[in-house]
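Novice: To start, I am sharing the structure in question, which I have written as structure tokens.
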Amino acid sequence: MSDVSELSDAPRRTGTAPSVGLRVPTHEDAFVWHRLFDDPEVMEYVGAGVPNELSVYEELTARQRRHDAELGFCLWTLLDPAGEPVGLVGAQPWPRDWGPTGEIEIGWRLARRAWGRGYAMAAGRATLDRLRAAGVPSVVAVIDVRNERSMAVAERLGMERAETYSVPGTDRRSSCYRVGL
């Protein structure tokens, strides 16, 4: 995959989808992701619900570079139409020992300033296209049951709610959405 690829999508409900870019995350993107996601509202439905330490993003970006090299897909750094990083979008093997183990998970996380602009949909559709081209037969999205925005994105991507998991060590529940490719 090239360093950055431009993506645009078919028209959305309220106009044309934005042209966004995806790039394999660099080591520097660990710092970018740490800054973008250092927001309790962004992290409300992720992990423990609080911003992560920089070391989490250093490990995550390194793992995504390995996924790209080995699988041809990863969680990419999402770039807005001006080329500025605004989040991450892509897919990776489900990384936990609970839930849909052995499956490929699609996911997105955007800085709050990028919410509601259609970026997750444009990049989500491009991710599904790339996974289809890579021969991935199906994907899942595991979403906190309170996260209405992400559930709406999954449904607009054609995914259907399949099962619900209790998240170990928490009082949270997550719905697993599925779609065949």
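The values are calculated or read from the model by the stated rules, or taken from the named source; none is laboratory data. Nothing here was measured: the structure is a model prediction, and the numbers come from that model. Note: ideal-geometry Cβ built from the backbone for every residue, glycine included; neighbour counts use all protein chains shown. To get the accessible areas, we keep the full protein, side chains included, count just its heavy atoms, and leave off ligands, DNA and RNA. Shrake-Rupley method; radii C 1.70, N 1.55, O 1.52, S 1.80 Å.
Novice: Rounded if a/c is under 1.5, else prolate if a/b is larger than b/c, else oblate: which is the stretch 87-130, with a ≥ b ≥ c the root eigenvalues of its Cα gyration tensor?
Specialist: Oblate.
Novice: Given a Förster radius of 35 Å and the C-beta distance between ASP129 and TYR165 as r, what FRET efficiency does 1/(1 + (r/R0)^6) yield to the nearest 0.05?
Specialist: 0.80
Novice: Given the chain reduced to its alpha-carbon atoms as identical point scatterers, what log10 I(q)/I(0) does the Debye formula return at q = 0.08, 0.09, 0.15, 0.17 Å⁻¹?
Specialist: -0.22, -0.28, -0.85, -1.14
Novice: Can you give the net charge of the other residues whose Cβ lies under 9 Å from the Cβ of VAL42, counting K and R as +1 and D and E as -1?
Specialist: Residues close to VAL42 contribute a combined charge of -2.
Novice: Dipole of the stretch 107-179, Cα-centred, from +1 at each Lys and Arg C-beta and -1 at each Asp and Glu C-beta, to the nearest 20 debye?
Specialist: Dipole of the stretch 107-179, to the nearest 20 debye: 340 debye.
Novice: Can I ask one more? Per the helix-only calculation at 222 nm, which mean residue ellipticity applies to the chain, given -39500 (n - 2.57) for every DSSP H run of n ≥ 4 and division by its residues, nearest 500 deg cm²/dmol?
Specialist: Only helices count here, giving -9500 deg cm²/dmol.
Novice: Heavy atoms only, probe 1.4 angstrom, no DNA, RNA or ligands counted: give me TYR165, TYR57, TYR45 ranked by accessible area, highest first.
Specialist: Putting TYR165, TYR57, TYR45 in descending order of accessible area: TYR45, TYR165, TYR57.
Novice: Sequence gap at least 6, Cα distance under 8 Å: using those rules, report the relative contact order of the chain to the nearest whole percent.
Specialist: 19 percent
Novice: Then there is this: Can you tell me the Rg and the Dmax, both Å, for the Cα atoms in the stretch 102-155?
Specialist: 11.8, 34
Novice: What is the local net charge at ALA91, summed over the other residues whose Cβ is closer than 12 Å to its Cβ (Lys, Arg +1; Asp, Glu -1)?
Specialist: -2
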